[in-house]
Amino acid sequence: MARGDLTGEQRVRLEAVLPPLPVMGRKPRDRRQVFNGIWWRARTGSPWRDIPERYGPWETGYTLFRRWQIDGTWARVRCPRPGPPP
């Protein structure tokens with residue numbers, strides 16, 4: 001685990017607001033690994049292609065980031081409680 005990566009407790013809290021894993025198709029990459037890559041990119045401001053290899057292919061991180069952006073997952077991550085933010 002690198003500095004800035006999710007802890008076990010943070011992962012449990014995050015999994016509660018993420019969409020369920022797809023049932024069909026090939027087994028997806030570890031979401032913790034991909035999320036850590038997305039988080040690394042957000043912290044550093046680096047281009048997607050510069051995500052370190054330990055987080056998997058940059059295309060996977062970008063695709064998941066965009067999917068969650070479009071379906072509203074990021075809004076749930078920021079404010080997991082129902083209703084408007086406090």
Could you calculate the FRET efficiency of Arg3 with Lys27 from 1/(1 + (r/R0)^6), where r is the beta carbon distance between them and R0 is 30 Å, rounded to 0.05? 0.60
Average accessible surface area per residue within region 1-78, 1.4 Å rolling probe, Å²: 73 Å²
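The values are calculated or read from the model by the stated rules, or taken from the named source; none is laboratory data. Quick caveat, the model's predicted, so the values are computed rather than measured. Neighbour counts are summed over all protein chains in view; Cβ atoms, including those assigned to glycine, are modelled from backbone coordinates with ideal geometry. For accessibility, only protein heavy atoms count, side chains too; no ligands or nucleic acids. Shrake-Rupley method; radii C 1.70, N 1.55, O 1.52, S 1.80 Å.
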